[in-house]
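The values are calculated or read from the model by the stated rules, or taken from the named source; none is laboratory data. Remember, predicted model here, so these are calculated numbers, not experimental data. No Cβ is skipped: glycine too gets one built from the backbone with ideal geometry, and neighbour counts run over all protein chains shown.
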Amino acid sequence: MQKTILIVILLVLFCSCKQKNQEIMEPKKTIIRKQPKTISFHFEKSKEWLAKNTDSTKIRIALAINRTDKNNITKMDSILIPSDLTGDLAFYLPFPLEVPYLKSITKIIYFSYPTQTFAAYENGELIYTGPTNMGRKKDPTPTGLFYTNWKAEKTTSTFNDEWDLYWNFNIANKLGIGWHQYQLPGYPASHSCLRLQEKDAKYLYNWADQWILKNDENILVKGTPVIVFGAYPFGESKPWLQLVQSPKALNISADEIEQATKSYLNGILSEQKKRENRPSKE
């Protein structure tokens with residue numbers, strides 16, 4: 001009798017633990033995106049197109065494709081517009097929706113210099129993407145691996161103290177480089193930083209992790225990895241203008257992401273492990 005009771009108790013405990021584990025390890029939500037029927041592009045007169053298109057979703061897509069913002073798009077004569085605007089933004093920009101090679105990386109951000117776009121991935125799945133305007137020819141954005149450091153909702157530019165930078169997240173502390181909201185004229189125009197639309201800058205500001213300092217001189221845990229890659233063809237036409245003739249001209253493959261990441265992978269995973277194993281009290 002006692003043996004039977006003991007078995008019942010063990011079964012109850014096992015089922016209870018199993019249920020708790022299932023509650024803790026909830027399945028990851030799959031991102032459902034609406035795909036347009038076709039992907040093709042053509043030119044429109046900027047002011048004429050804006051006058052007859054007031055839908056915020058369509059305007060967001062147009063801004064992203066032209067690597068610009070609401071203020072600067074009106075200054076453009078012609079703009080690039082998809083023939084089918086019914087899809088989600090990710091389908092009109094070059095980053096792949098999935099990169100199996102990144103499955104082991106919890107969070108990572110990429111900035112593509114030639115396409116002037118960025119993408120954030122969680123375990124290999126694209127979760128956010130948008131346009132950027134990076135460093136001009138005179139002040140190029142350095143490429144390679146960086147990690148997010150400190151952040152500030154509002155700070156002042158080190159280049160010009162009259163420039164206010166919102167949702168600033170530093171990635172190269174000694175160089176003073178980071179992403180932040182600032183005007184996007186539709187081409188690389190910054191003094192090395194990574195300019196973003198305000199909505200995008202705020203999203204990455206809240207999503208990425210800051211570094212954790214041991215003291216004023218030493219880093220205990222680095223932030224979210226950021227890889228800046230590729231080269232912009234300064235002096236030539238904007239690369240995205242090719243999309244009219246070849247809608248897939250700028251597509252970035254999963255293999256390209258792998259190649260841009262491979263030499264950094266061990267270091268990224270090592271830093272990730274440090275963050276995961278960090279005592280909760282710190």
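For this structure, a couple of remarks:
- Given (1) surrounded by fewer than 20 Cβ atoms within 10 Å (Cβ to Cβ); (2) of a type in the set (Ser, Thr, Tyr); (3) over 26 Å from residue 57 (Cβ atoms), number of the condition residue 190 does not satisfy: (1)
- Qualifying residue in segment 52-60 (condition: under 16 Å from residue 118 (Cβ atoms), surrounded by fewer than 20 Cβ atoms within 10 Å (Cβ to Cβ) and either touching a strand residue (DSSP E or B) at 6+ places or on another chain (Cβ under 9 Å) or not hydrophobic (A, V, I, L, M, F, W, C) (or both)): yes
- All positions within segment 61-106 that are surrounded by 21 or more Cβ atoms within 10 Å (Cβ to Cβ) and of a type in the set (Lys, Arg): 67
- Elements of type strands (runs of 3 or more DSSP E) in segment 26-137, at least 2 residues being of a type in the set (Val, Ile, Thr) and more than 30 Å from residue 259 (Cβ to Cβ): 78-82
- In the set (1) at pLDDT 95 or above; (2) within 29 Å of residue 194 (Cα to Cα), the condition left unmet by residue 48 is number (2).
- Only listed residue being out of contact with any Phe, Trp or Tyr (no Cβ under 8 Å at 6 or more places or on another chain), in a loop (DSSP other than H, G, I, E, B) and under 14 Å from residue 116 (Cβ atoms), chosen from 246, 237: 237
- When residue 209 is tested against (1) of a type in the set (Asp, Glu); (2) touching a strand residue (DSSP E or B) at 6+ places or on another chain (Cβ under 9 Å); (3) touching a residue at least 60 places away in the same chain (Cβ under 8 Å); (4) not in a loop (DSSP other than H, G, I, E, B), only condition (4) is not met.
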